Every structure is written in C-alpha cells, then in structure tokens.
Amino acid sequence: MRRPGLLYVPFWATYVFLYTPIVVLVVMSFNAGDSPYTFEGASLKWYGELAGDATVRQGLVNTLIVAAGSTVLSTVLGTLLAVGMARYSRSRLLDAFGLLPAVLPDLVLAIALLVFYAAVQMTLGLHSVIMAHVVFGMAFVAAVVRTRLSHADTSLEEASRDLGATPLATFTRITLPTLAPGIVAGALLAFTLSIDEFVIAFFTAAPTEPTLPIVIYSMVRFGVTPEINALATILLAVSFTVVIVAQRMTRLTESFR
Amino acid sequence: MTTEHDIARPGAATGPLSGRSPRRARVLGRAAARLAFLGPGVGYLIVLLIVPLALLLSYTIFRRGRFGGVVYETTGENFSRLVDPLYLDVFLGSIQTAAITTLAALLLGYPTAYAIARLPRRWKTIALVAVVLPFWTNFLIRVYAWVILLSGPGLVNEALTGIGLIDEPLELLYNQGTIVTGLLYSYLPLMVLPLYAAIERLDPQLREASANLGARPARTFWSVTLPLSMPGVLTGCMFVFVPCLGNFVIPEILGGGRSIMVGNLIRDQFLKARDWPFGATLALAVIAALVVLLFLQAWASRVYGGTGERRA
C-alpha cells in the first residue's frame, strides 16, 4: 500500500529550490539591458564584456595553476598515505589524523595557515595557495583511494610478496594498477575542490595574484553586474559537462568490471 | 632496493648476503616501506596542519601586536572578551542560524531522500545527480543568484505582486531568513546524500512486517523507518551544521553586513582589526562547539547503532 503523492511535494520543492536560481542566472546572462533584474531582449553583450575582462582572465589562469599544482601533489601524497594506512598501519589515530583536514571548518584551516605563513615569514603567492590546497586535497584523495583499497582483493599483493617481490615492486606492479580508477577519481575530486575553493585561497593568496573565486567575490561584493551572470553560465556549463562525463565514465568502467 | 629484492626471495638467501636471514630482511623491508608510504603524507600534515593549528591555538593566550601578529606576553583577556555580550550574542546567534538551517535541511531533505530511494533504479541515479549538480558549481555564484532573486525588483517580489499577494515589494534581503535561505541552498545536498544512503539501505521487509502487524504508515515511519535511518540523519546534520557555523561569505553577501555571524567576526579580526589573538580565541570557541557536537553525534549513533540493514 503506497501513497507516494504527498511525499512528492517536498521532493519537487527541493528541485525547484535548487534550480530556480540557476535558471535565472542563465537567462539573465543573455540580457541585452543593463539591469540584472529585468529581461530586455536577448544578446551576447555580456559574454563579449567578459571576454575582454583581463582580471577575470588572470584569475582563471591563476586558478588553473593552483588547481593543477595542488592536484599533482595531493594525488601523490594522498595515494601513498592511503596505501600506507591500509597496508602498513593499524592506527585508528592515524586514520582520524588523515581525515582531519576534510572535516575541519575551512575558515579555521585558512587562519591557521595564515598565522603559520606569517610566523615563518613566507611571502604569499600562488605557491602558498597550492601548499594550502594540498592539505585538504591530500585528505580527500586518501579517503577515495582507501575506499577503493578496502574493496580490492589483497590476495594478489600477498602472492606478489610470497613470490619474493619487494614492497616497491608489489606497489608499482600490483597495487597501483588496481587502484588506478580510485586515484583518478581522487585526483578529479581534488582538482574540482581546488578550482572552486574560496575561503582558504582568500586568506593565503597574495592580493596581487587572486584566484578566480576571489575575483568573483570582489565582483559580487562591489555591485551586481550582468557580467557575473555570463561568467556563472560558462562555469555552470563547464561543471555540468564535467560531472556528466565523469558519471558516464564511472558507469562505463563499472560495467567493464 | 635490488639487494633487498634478492634477500627477500627465499632462493637468494644463500647468496653473498646470507648473513642476514630472509625474515629479518623482510621485517626491515616492511619498516622501510612503512616509512616510504606514510612518511611524506604524515610529514606534510604535521608541518602544514598540526603546527599551524597548534600555533593558532597558542595565540589565544597572548596579547595582540600593534600591527597584527602577537606579543608573547600571556593574558586571559581574550577569553574574558569572549563572554562580552557583544560577541556572545553573535556567537549564540550563529549557533541558532546554523541550527535553524540544519532543521530546515532535514525537513526538506528527508522526504526528498525518501522519495528518491523509492524511485525506479534508472531515475534514482538521475535524481541523485540532479541533487549534487548545483553543488559542483561555484559557491559564490550560487549565493549571488539569491541576491537577484530576492532583491526589491527581483523575481520573487515580481511573482508575489503578480499574483496579488502583496502590493509593495517586500524587503527580502539582508536578514536572518535570507542567510538561512542561502545556507540551506548551499548545503542541502550534503543532507540529502547521507539520508538517501541510510534510507536506501533499509530492509523493505521491516516496513512490510510493521504494516502486516497492523501499524499505520505514520506509526511505521515513526517507530521503524525513522529510528533505523537515524545514522544518516546524524551524519547529514553534521555535514550541514559544520560549514554553516563557520561561514562568513553568505552572511556578508546575503546579510548585507547587518546580520553577521561568528565567521565574519573571525575574518575581521584577521584582516581588518588585526587582533589575531582574539580571532584565534573565537576560532577556538567554534572548534569547541563542533567538538561537543561530534561527541553528541558519536553518542547518538551508538544509541541508534546499525540495525535494520538489508541482509544479503
């Protein structure tokens, strides 16, 4: 006996709530007028404006540098950490320690790093943001790779060791290939999180080298311009494509297993 | 590594290095591997997480420097300022805002997760992806969208005057309700996902048994489904409450500087007032509130600990 009718009211309310602002942003980005509130005919005017905005372009370049750098470091460190925690340690404390950066409020991590950088008198720049992003990126990569490890069959590793392979050989020939999908997923996660990260970058970046979220923050703070709508639409389109492609890919790899 | 390789191979133990037993070499190899795997990550986290956190927390007992930074003279001043009504109100107000948001997310998220869990398999995936999709777009832009929606000439006012509910545009921006809306919008997916995971796992036979024994759907929900999905409820509440409590961006954009939260206070201590010790003390208060909450959650999840899962 199922009467799901009533249940679907909050269900649809959730989707309306989640998507109304997005639809408004996208529609308004094609506005020919200057008002962010009333639609006065379609045009690509704001996209042109955006293309000529050097601050946005520089912000995007900075963000991509930070995301690429922190992803590479996070992936290497996170994967090693995950394998080490799963295979060479039984410490619950270490497990909690590895997850800490993922559960700590971003503001706390941000000010802690700001204080630390000031104490060691490090100049701020893109490198300080990269170092900061690796702290949480590594934790997420380690968490994703560990889930993969816990499903992995350990008998192959045992066989490799019994046949006399060194830990290094076992790792590169057996563990790493088994973990590859998890590592890729972890790297993608670290990259996405870094691209979108604002709070930590806000505290650890040099004012002269803002990342894109910092640029967006100052745009949003100092007045509502339809140019933000155009930027929002482009970012939305990119994220949606990436998420859908990733979804397709995981389904594809799952069907091959 | 090649010598170790040879030693570790049972056949090679009789080689020139046979003075060390293969077993001992294996133990040594394991220790080396342990260091190689755990060393870099743990070292990195110690230098860039533990040391900074320890440094930050140590600042709570020092005096502020004149131009930021600290003077290393101990003082209890920071803690006594914490209970100043001015700051205490903001702190308690932030806990209230975060709690209201969490409750709203639960009330909206639970039926949504429940409905998703009952969808046919194909639609389930689509519905879940649709919940997460907005989450993967820029956080600031999602918040900014609400400025457009809720402002005087914005869509919500337009719609309300259009259907004749109101004559004058309402002032919908820059109050606690606006902040809650923005927080809810930003973190609702974090509530739906763990709830979905918990509800999906429930054995449908338990609901059927309850119905067969004569319980009405409401009774079945309150005595079977809800208690059994409690771990998901607790996780979801933590996932929403934590980022809400320390937030400073949403109160700034949607609160218009009129309603502030503890996150704004902390940000200002570091970037405007340059009172790092007091900022660190406020951060410590936030961490303390979250630790209390984590313990409550751990206790509650022991009470409702994992039963009712579908058996394979």
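The values are calculated or read from the model by the stated rules, or taken from the named source; none is laboratory data. Quick caveat, the model's predicted, so the values are computed rather than measured. Don't worry about glycine lacking a Cβ; one is built from the backbone with ideal geometry, like all the others, and counts go over all protein chains shown.
Structure values in brief
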| item | result |
| --- | --- |
| Boolean, B:R118 is closer than 29 Å to A:F191 by Cα, without any contact (Cβ under 8 Å) to a residue 60 or more places away in the chain and not polar (S, T, N, Q) | no |
| Residue ID - nearest to the chain's Cα centre (by Cα), chosen from residues in region B:132-156 that are buried (at least 21 other Cβ atoms within 10 Å of the Cβ) and more than 7 Å from chain A (Cβ to nearest Cβ) | B:V143 |
| Of all residues in region B:137-161 being in a helix (DSSP H, G or I) and among the β-branched types (V, I, T), the one that is nearest to A:Y217 (Cα to Cα) | B:I141 |
| Residue pairs meeting the criteria (Cβ under 6 Å; at least 6 apart or on separate chains; first buried (at least 20 other Cβ atoms within 10 Å of the Cβ), in region B:29-44; second modelled with pLDDT of 80 or more) | B:F37/A:L80; B:F37/A:V83; B:F37/A:G84; B:L38/A:G84; B:G41/A:L77; B:G41/A:L80; B:G41/A:L81 |
| Tally, over region B:250-266, of residues that are crowded, with 24+ Cβ neighbours inside 10 Å and over 30 Å from B:A198 (Cα atoms) | 6 |
| The listed residue being of a type in the set (S, T, N, Q), under 19 Å from A:V242 (Cβ atoms) and touching a helix residue (DSSP H, G or I) at 6+ places or on another chain (Cβ under 6 Å), out of A:S160, A:S194 | A:S194 |
| Some residue of region B:216-228 being hydroxyl-bearing (S, T, Y), assigned by TED's automatic domain parsing to the domain that holds B:T125 and more than 20 Å from B:G109 (Cα to Cα) | no |
| Selected residue (criterion: nearest to the chain's Cα centre (by Cα)) from residues of region A:113-125 that are over 21 Å from B:V291 (Cα atoms) and crowded, with 21+ Cβ neighbours inside 10 Å | A:L114 |
| Scan of region A:113-130 for residues that are in contact (Cβ under 8 Å) with a residue 60 or more places away in the chain and either part of a helix (DSSP H, G or I) or in contact with a Gly (Cβ under 7 Å, 6 or more places away or on another chain) (or both), ordered by number | A:L113, A:L114, A:Y117, A:L126, A:S128, A:V129, A:I130 |
| In region A:176-221, the residues that are of a type in the set (S, T, N, Q) and crowded, with 21+ Cβ neighbours inside 10 Å | A:S194, A:T204, A:T211 |
| Among (1) part of a helix (DSSP H, G or I); (2) over 25 Å from B:G255 (Cα atoms), the one test that B:G164 misses | (1) |
| Unmet requirement for B:D268, which otherwise passes all of (1) outside any helix (DSSP H, G or I); (2) more than 14 Å from B:Y187 (Cβ to Cβ) | (1) |
| Flag if B:Y174 is hydroxyl-bearing (S, T, Y) and within 10 Å of another protein chain (Cβ to nearest Cβ) | no |
| Residue within region B:111-127 that is within 24 Å of the chain's Cα centre (by Cα), in a helix (DSSP H, G or I), in the same structural domain as B:D203 (by TED's automatic domain parsing) and under 13 Å from B:Y185 (Cα atoms) present | no |
| So B:V233, is it out of contact with any helix residue (DSSP H, G or I) (no Cβ under 6 Å at 6 or more places or on another chain), within 26 Å of B:L282 (Cα to Cα), assigned by TED's automatic domain parsing to the domain that holds B:Y187 and in contact (Cβ under 8 Å) with a residue 40 or more places away in the chain | no |
| Every residue from region B:113-128 that is within 9 Å of another protein chain (Cβ to nearest Cβ) and either of a type in the set (K, R) or loosely packed, with under 15 Cβ neighbours inside 10 Å (or both) | B:R118, B:T125 |
| Tally, over region A:205-231, of residues that are in a loop (DSSP other than H, G, I, E, B) and out of contact with any Asp or Glu (no Cβ under 9 Å at 6 or more places or on another chain) | 9 |
| Single unsatisfied condition, A:T166 versus (1) touching a residue at least 12 places away in the same chain (Cβ under 8 Å); (2) touching an Asp or Glu at 6+ places or on another chain (Cβ under 8 Å); (3) crowded, with 21+ Cβ neighbours inside 10 Å | (1) |
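To keep it simple, each residue is scored yes or no on (1) within 11 Å of another protein chain (Cβ to nearest Cβ); (2) within 29 Å of A:I234 (Cβ to Cβ); (3) not acidic (D, E).
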position: A:A169; (1), (2), (3): yes, no, yes
position: A:P181; (1), (2), (3): no, no, yes
position: A:G186; (1), (2), (3): no, yes, yes
position: A:P207; (1), (2), (3): yes, yes, yes
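One line per residue, one yes/no per condition, for (1) part of a helix (DSSP H, G or I); (2) surrounded by fewer than 19 Cβ atoms within 10 Å (Cβ to Cβ); (3) more than 12 Å from chain A (Cβ to nearest Cβ):
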| residue | (1), (2), (3) |
| --- | --- |
| B:Q205 | yes, yes, yes |
| B:A209 | yes, yes, yes |
| B:C237 | yes, no, yes |
| B:V240 | yes, no, yes |
| B:L284 | yes, yes, no |
